[in-house]
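Trainee: I have a structure here, written as C-alpha cells, and I will follow up with some questions on it.
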Amino acid sequence: MDGKKEIKYSPYLSKQFIGILQKYYMDKIKKERTGQQYVYVFNAVCNFAKCDFLDISKEQIKGYFSEIDPNATIKSTNYDLSVLRAVSRYMDENSCEFGIEPRFLELFSAIDVMFPDLQFRIEDMPDLESINYVLEFFKKEGDMVGFLSCSMVLRTTLTTNELVSLRRDMLLQDANGNYGIRLKVTEHAYRYVKLPDDIVELINQYAKQRTDSQPYFFLNKKGKAVSARALQNRLREACLECKVKPFTYNDLRNLSQAVMIKGGAPLGKLAEYVNVKNLNWFFRYNRVVEELKDAAVDYSYIKIVWEK
C-alpha cells in the first residue's frame, strides 16, 4: 500500500506473506484504512498462533476463535472471519502465482458462522445430492413453482414469507444489466436482492408458462397467490417421495448463506444481501442499483438449471 501511515506487521509475518497481502490490497482494496484493518486482523491471528500465516494450521485457527472474548460483538468477530476467508480465498485462487498450496480457505471450514439468534454448521445442512433429487422430482412432475421457489431460496437466501409476497413488479434490471428484486422494508424504504444469472434464466422460463395477468409471482393450482404453508407442504411431500430426510425452505436459506460464506463472501455484504409487462417481467432502472454491483450471491458456487 502506498498510504502515508506506516503499517506495522507482526514479526511472525514473512516477507512472502506480506507480499501476498500487498498484492491483495492492490487488486481488491481501494481504501488505505481498510488495508490497515486487514493487517490488524492478520497480526492478531499470527501473534496468537506464533507463526506465519503461510504455516498456520486449522487447529490454530480454531483455537484463535475459541479464545475470543465472549463479550466481543458478533459483528467484530464476523468481520475478522470474513477478512481471513476473503484473503484465503484469494490465495487459493492464485496459489500457482504465489508458489503455495491451495489449502487456506479450508482452514476455516471448522469455524461456526454466527449471526444474532442464529448459529448453524454446514454439515447440519441438507446435502446437495438430496436437494438435487428433490429438484429432479419437481422437474419430472413439471412443477416449476416447486423447482423455482427452492432454487431462489438456495441461490438468494429469500425467506418463505418473501417468496409468497413476491409480485411481478418487484423484479428489475438496472442500467448496468444486473437483475434483482426490490423488497419493501418500510413505507419509504426498499432493499435490493441481486439475482444470479441461472435464476434469471429460470424466471424467464417460468414466465413463458404463465399466460395469466395475475400480479403475484408464485401461484397455486387455482391461479391464486400460493401460501407459505402450501409451499412447505409441497417441499415435504417431495422429500418423502424422493426418500430423503425432509428439509425446509429455512434449511435451504441457511445452506445458501453457509455456501456464500464458505466461498469467501464478506459477511458485511452477506448481511446487506439477506437483511414488467413483457415475458422477462423486469423493469429497467435508468440508474445503477448500488446493491446489485457486488453482492454476497456472487461468491456462491451453486448453479441451477431446468434442462429440456
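Trainee: If you build the convex hull over the alpha carbons only and average its shadow over all orientations, what do you get for the range 176-272? Give it in nm² to one decimal.
Mentor: The orientation-averaged projected area of the Cα hull of the range 176-272 comes to 9.2 nm².
Trainee: Could you give the nm distance between label points at TYR40 and ARG229, where each point is 7 Å from its Cα heading toward the beta carbon?
Mentor: Placing both labels 7 Å beyond Cα along the Cβ direction yields 5.1 nm.
Trainee: Carbon and sulfur atoms: what percent of the 1.4 Å accessible area of the range 228-276 do they account for?
Mentor: 47 percent
Trainee: If you stretched the chain out fully between ASN220 and ARG103, how much longer would it get, using 0.36 nm times the residue separation minus the C-alpha to C-alpha distance? Present the calculation step by step, with values, prior to reporting the outcome.
Mentor: Values: separation 117, 0.36 × 117 = 42.12 nm, distance 4.68 nm.
Working it through step by step, the gained length comes to 37.4 nm.
Trainee: With the cut-off at 1.5 for a/c, could you classify the range 124-246 from its C-alpha gyration tensor as rounded, prolate or oblate?
Mentor: In terms of gyration-tensor shape, prolate.
Trainee: Also, quick follow-up: I want to make sure I understand the PRE zone here: with the label point 7 angstrom from the Cα of ASN161 toward its beta carbon, which residues in the range 169-205 have backbone N atoms less than 18 Å away?
Mentor: Answer for this model: 182-193.
Trainee: Of the options LEU202, VAL226, ALA189, report the single residue whose Cα projects farthest towards the positive end of the charge dipole of the range 182-266 (beta-carbon charges: Lys, Arg +1; Asp, Glu -1).
Mentor: Checked the options; the winner is VAL226.
Trainee: Quick check: Cα centre of the range 139-188 to Cα centre of the range 222-273, how many Å?
Mentor: Taking the Cα centre of the range 222-273 as reference, the centre of the range 139-188 is 12 Å away.
Trainee: Related question: With each label point set 7 Å from Cα along the Cα-Cβ vector, what nm distance links LYS28 and TYR79?
Mentor: Spacing of the two 7 Å Cα→Cβ label points: 1.7 nm.
Trainee: What pairs from LYS139/LYS194; LYS15/LYS50; LYS28/LYS50 go past 21 Å between their alpha carbons?
Mentor: Over 21 Å apart, Cα to Cα: LYS139/LYS194; LYS28/LYS50.
Trainee: In addition: Let's test the formula: R0 of 51 Å, r as the Cβ-Cβ distance of GLU241 and ASN94. What FRET efficiency results, to the nearest 0.05? Don't skip to the end; give the middle numbers.
Mentor: Working: r = 45 Å, r/R0 = 0.87.
Once rounded, the FRET efficiency stands at 0.70.
Trainee: What ranking, highest mean first, results for peptides 155-161, 91-97 when packing means the other Cβ atoms within 10 Å averaged over each residue? Show your work: numbers first, answer last.
Mentor: Working: 155-161: 19.7, 91-97: 14.4.
Sorting 155-161, 91-97 by mean packing, highest first, produces 155-161, 91-97.
Trainee: Between LEU128 and LYS50, what FRET efficiency comes out of the Förster formula 1/(1 + (r/R0)^6) with R0 = 41 Å and r the beta carbon distance, rounded to 0.05?
Mentor: Efficiency computed from Cβ-Cβ geometry: 0.60.
The values are calculated or read from the model by the stated rules, or taken from the named source; none is laboratory data. Keep in mind the model is a prediction, meaning the values are calculated, not measured. We place every Cβ from the backbone using ideal geometry, glycine too, and count neighbours over all the protein chains shown. These area figures cover heavy atoms from the full protein model, side chains too; ligands, DNA and RNA do not enter into them. Shrake-Rupley method; radii C 1.70, N 1.55, O 1.52, S 1.80 Å.
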